[in-house]
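J.: Questions regarding the structure given below will be posed in turn.
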Amino acid sequence: MDFACNGSAELNCYTKGAEFLTGNGFHAQANTTKVVKANEYWRTPLPHKTVATRAGLGWIGKNCLLVTREYGSAVRLSSLLTDAPLPSDVPVTKSYCGNCTVCVSRCPAKALTGKLWTPETGREALFHKEDCKKTQIQRMKQATGIETNLCGLCFAVCPYTQKYCNR
């Protein structure tokens, strides 16, 4: 079954896995924006990044994003909850950013603290969301005239992301 996402069928793409699993007798729920809503603190009950670290896909970097060895932070996350017996890897419980501070030093908002993540680390210890959001909006408005929160510099400069993009 092909789960590739593109174009206007994107939301449907994220539900196909759940549809497949429920059609085969399992319980499954795609955690899409239709089902899960972020609160005023940009939090959801079960963040995609938490699911990804528990599934062994990667760790939370100093950029407060999921970082994988293969793709860096150049990933788009969604999660699916199911009782189907699917394989996973060993949960990741530590950061592999080490002494690297590239994303921290390049953050135009100075929103990243440089702290290494562990599963017990709260998001507030990693970055200041309001500084990040304010600077994203300012940068996009200046660059494009559009008032939206979009930057991406922290993931783009990550050495793991750079390794993937430049191979």
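J.: Using per-residue counts of other Cβ atoms within 10 Å, averaged over each peptide, order 131-140, 151-160, 57-66, 85-94 from highest down. Don't jump to the answer; show the numbers that get you there.
T.: On the way: 131-140: 16.6, 151-160: 18.8, 57-66: 24.7, 85-94: 11.0.
So the order, starting with the most tightly packed, is 57-66, 151-160, 131-140, 85-94.
J.: Given Cβ point charges of +1 (Lys, Arg) and -1 (Asp, Glu) and nothing else, what value in debye, to the nearest 20, does the dipole of the chain about its Cα centre take?
T.: So the magnitude is around 600 debye.
J.: Would you please give the FRET efficiency between residue 84 and residue 141, computed as 1/(1 + (r/R0)^6) with r the Cβ-Cβ distance and R0 = 41 Å, to the nearest 0.05?
T.: So, using R0 = 41 Å, E works out to roughly 0.35.
J.: Quick one: work out Rg over Rh on the C-alpha atoms of the stretch 21-167, Rh as Kirkwood radius.
T.: Checking Rg against Rh, the ratio lands at 1.00.
J.: Using just the helices of the chain, give the 222 nm mean residue ellipticity in deg cm²/dmol: DSSP H runs with n ≥ 4 each add -39,500 (n - 2.57), and the total is spread over all residues, rounded to 500.
T.: Value at 222 nm, helices only, nearest 500: -9000 deg cm²/dmol.
J.: If I fit a long axis through the Cα atoms of helix 129-144 and take the longest principal axis of the Cα atoms of the chain, what angle between them do I get, 0 to 90°, rounded to 10?
T.: Here the helix axis deviates by roughly 80 degrees.
J.: Here's another thing I want to ask about it. With the other protein chains left in place, how much accessible area per residue, in square angstrom, belongs to the chain at a 1.4 angstrom probe?
T.: Normalised by residue count, the accessible surface of the chain is 63 Å².
J.: Among 122, 143, 103, which residue has its Cα positioned farthest towards the positive end of the charge dipole of the stretch 52-161, with +1 placed on the Cβ of Lys and Arg, -1 on the Cβ of Asp and Glu, and the dipole taken about the Cα centre?
T.: Farthest towards the positive end: 143.
J.: Give me the log10 of I(q) over I(0) for the stretch 77-130 at q = 0.16 Å⁻¹, as the Debye formula computes it from C-alpha points; what are the numbers?
T.: -0.67
J.: Work out from phi, with θ = phi - 60° and the Karplus expression 6.51 cos²θ - 1.76 cosθ + 1.60, the ³J(HN,Hα) of each residue of the stretch 46-54, listed in order in whole Hz, and give x for Gly and Pro.
T.: Result, ordered by residue: 9, x, 4, 5, 5, 4, 5, 5, 5 Hz.
J.: Full extension from residue 149 to residue 39: what is 0.36 nm times the residue separation minus their Cα-Cα distance, to one decimal in nm? List each step's numbers first, then the result.
T.: Details: separation 110, 0.36 × 110 = 39.60 nm, distance 1.63 nm.
Gain on extension, residue 149 to residue 39, equals 38.0 nm.
J.: When the accessible area of the chain is split by element with a 1.4 Å probe, what percent falls to carbon and sulfur?
T.: C and S fraction of accessible area: 55 percent.
J.: Right, something else. Distance cut-off 28 Å, Cα to Cα: go down the list 34/94; 16/110; 37/133 and report the pairs above it.
T.: From the list (34/94; 16/110; 37/133), the Cα-Cα distance tops 28 Å for 34/94; 16/110.
The values are calculated or read from the model by the stated rules, or taken from the named source; none is laboratory data. As the structure is a prediction and not an experimental result, all values here were calculated from the model. A quick note on method: Cβ atoms are made from the backbone with ideal geometry, for glycine too, and the neighbour counts reach across all protein chains shown. Accessible surface is based on the protein model in full, side chains and every heavy atom, while ligands, DNA and RNA are left aside. Shrake-Rupley method; radii C 1.70, N 1.55, O 1.52, S 1.80 Å.
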